[in-house]
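Colleague: Here it is, the structure in full.
The values are calculated or read from the model by the stated rules, or taken from the named source; none is laboratory data. None of these values were measured; they are calculated from a predicted model. Here the Cβ positions follow ideal geometry from the backbone for every residue, glycine too, while neighbour counts run over all protein chains shown.
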Amino acid sequence: MALIGETQMSELPIDARIDAEYHIGPGAAERESIRKRGKPFSDCFLQIVHPGEFTREYQSSGHLFLRAQNVRPGRIEIRNPAYVSDKIYNSLPEALASAGDLLIVRTGANVGDVAWVPIRYAGALVSSHTLRLIPQMDAPIHAIAAFFASDLGQRVLTSVKTGGAQGQINGSSLKTLHLPKLEVLETKCRELLKEIDELTEQSERGYPEVETELLDRLGWKELPSRPVGSSYEHNFGYLATAARADAEFFHPQYTRLRTQLTKRGTQAIGTFCPKPSRGVQPFLFETGDVIVIDSKAVRPQGVEPSPVERTTRAFYESPKNAKGRVHYGDVLLNSTGRGTLGRAACYQLNGLAVCDNHVAIVRPNSEVCLPEYLSLFLNSPPGLAQSERFQTGSSGQLEIYPEHIQQFLVFLPRQKNGALDMAWQKRLVDKVKSATIAKLAARAKLEEAKQLVERSLSALNGLLV
């Protein structure tokens, strides 16, 4: 169905946007309704800072660096923390977060995600892929964070995106927005967001402990201590057998990793899983009853689908889309993209789901490898290292193909009698579940905050009618 509208040049806002999506696309009507009833963006925010870029050289310790992947709806979430040197940190004073700032992901897979910065992350260095919003003294910052996390807020926020397929949000577009009057909700939203941060911190403590136990039994510490080396050589026959010639694939560090994994006890994914399949490009239908899982939704502690990413049951049941159907207990692996490539999640939600063609479906034999354990391993350093090794393509579009996923080695230790140590796998899985419970509680609190904002705006302004 075509959407046709007409706008006079005199009606264009100060930024003179002439792209049709801005005027009649999703979020346009809500944006204009808020413009009439709300207040200017500048009444709530003193400044918008676009942090500077630097050469990404991470350290094992130092100053915390908040990447775009750490900015989640309503909260900061840290996993595999990155640290930078004093030199980099001191060169970008405008990029240092303050307690109470809002961070907006301006580009990439999770563009539009907005997080409130709690005091424990004050002073962290902020990525150039985000915008740092410095609030006015009396701004209802927690209520605004909940608003931007809501479906309504996301439609409004992403309606000012610019660019093509890889859109972005810039500071000048943000300044044209008006925001709802949310002062009456600030106290309750502040309580909810602080609870969300506490539960997130609890979850973050639990998951690394499990990963550490996995790495200790694997003997991971013995590998990173070895020098990486800047040059090496292989004969042509080895390249011909591998059917590839990218230097990264043949690096000795990956050979050492596979040797260590084999010595400690492993199996290739292809020995206990059927060949992984990639999903399908879904037809999105916001009110559909089938969940759509994209690379953004694949998180280490479970799948976090967007509430607006849905499709129809007819699409799900079509035979040509069968390869994209997701079953309970499937392990989903991001197999396309940058930043999220190699990230895995075990699907444990109720409801029908399909994944898009950037995500691969891996179905392990649970008598050999528990799906939750497989997800844990794939997200660990030795799992991610194998994703880095097998990736192909240019920097613009990296890929991991199903035939390469089959070659991944998974650490599956055995007992003294030679049987697989399934009890150990289960113990790690149970610990992950405890951390996940805290994360799910945080997610429930966020939903409460979002519903609070949307109900209020619906009742007062009819914005959702």
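Colleague: With the checklist (1) over 23 Å from GLY62 (Cα atoms); (2) modelled with pLDDT of 95 or more; (3) hydroxyl-bearing (Ser, Thr, Tyr) in hand, flag the one item THR107 doesn't pass.
Modeller: (2)
Residues are listed down the side, and each one gets a yes or a no for (1) modelled with pLDDT of 85 or more; (2) over 18 Å from ASP101 (Cβ atoms); (3) surrounded by 15 or more Cβ atoms within 10 Å (Cβ to Cβ); (4) among the small types (Gly, Ala, Ser):
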{"residue": "GLU11", "(1), (2), (3), (4)": "no, yes, no, no"}
{"residue": "ILE14", "(1), (2), (3), (4)": "no, yes, no, no"}
{"residue": "ARG17", "(1), (2), (3), (4)": "no, yes, yes, no"}
{"residue": "ALA20", "(1), (2), (3), (4)": "no, yes, no, yes"}
{"residue": "ARG56", "(1), (2), (3), (4)": "yes, yes, no, no"}
{"residue": "ALA68", "(1), (2), (3), (4)": "yes, no, yes, yes"}
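Colleague: Just for the stretch 71-82: of the residues that are touching a Phe, Trp or Tyr at 6+ places or on another chain (Cβ under 9 Å) and within 16 Å of PRO118 (Cα to Cα), which one is surrounded by the most Cβ atoms within 10 Å (Cβ to Cβ)?
Modeller: Checked the stretch 71-82; the qualifying residue surrounded by the most Cβ atoms within 10 Å (Cβ to Cβ) is GLY74.
Colleague: What residue, among those in the stretch 286-314 that are hydrophobic (A, V, I, L, M, F, W, C) and surrounded by fewer than 17 Cβ atoms within 10 Å (Cβ to Cβ), is nearest to the chain's Cα centre (by Cα)?
Modeller: VAL308
Colleague: Another question about this same structure. Output the residues belonging to the stretch 177-187 that are out of contact with any strand residue (DSSP E or B) (no Cβ under 9 Å at 6 or more places or on another chain) and either surrounded by fewer than 17 Cβ atoms within 10 Å (Cβ to Cβ) or not charged (D, E, K, R) (or both).
Modeller: Correct list: LEU182, GLU183, VAL184, LEU185, THR187.
Colleague: Still on this structure, I have one more. Restricting to the stretch 381-395, and then to whatever is surrounded by fewer than 17 Cβ atoms within 10 Å (Cβ to Cβ) and under 24 Å from GLY324 (Cβ atoms), can you tell me which residue is modelled with the lowest pLDDT?
Modeller: GLY393
Colleague: Suppose we filter the stretch 188-214 for residues that are touching a Pro at 6+ places or on another chain (Cβ under 8 Å) and surrounded by fewer than 17 Cβ atoms within 10 Å (Cβ to Cβ); how many remain?
Modeller: Residues flagged as touching a Pro at 6+ places or on another chain (Cβ under 8 Å) and surrounded by fewer than 17 Cβ atoms within 10 Å (Cβ to Cβ) within the stretch 188-214 amount to 1.
Colleague: Tell me, which strands (runs of 3 or more DSSP E) lie completely within the stretch 349-465 with 1 or more residues that are hydrophobic (A, V, I, L, M, F, W, C) and closer than 28 Å to THR311 by Cβ?
Modeller: In the stretch 349-465, 353-355, 359-362 are the strands (runs of 3 or more DSSP E) which contain 1 or more residues that are hydrophobic (A, V, I, L, M, F, W, C) and closer than 28 Å to THR311 by Cβ.
Colleague: Among ARG120, ARG132, which is the only one that is outside any loop (DSSP other than H, G, I, E, B) and either modelled with pLDDT under 95 or within 13 Å of the chain's Cα centre (by Cα) (or both)?
Modeller: That would be ARG120, the only listed residue that is outside any loop (DSSP other than H, G, I, E, B) and either modelled with pLDDT under 95 or within 13 Å of the chain's Cα centre (by Cα) (or both).
Colleague: Give the residues of the stretch 30-54 that are hydrophobic (A, V, I, L, M, F, W, C) and exposed (fewer than 14 other Cβ atoms within 10 Å of the Cβ), sorted by residue number.
Modeller: Scanning the stretch 30-54 gives a single hit, LEU46.
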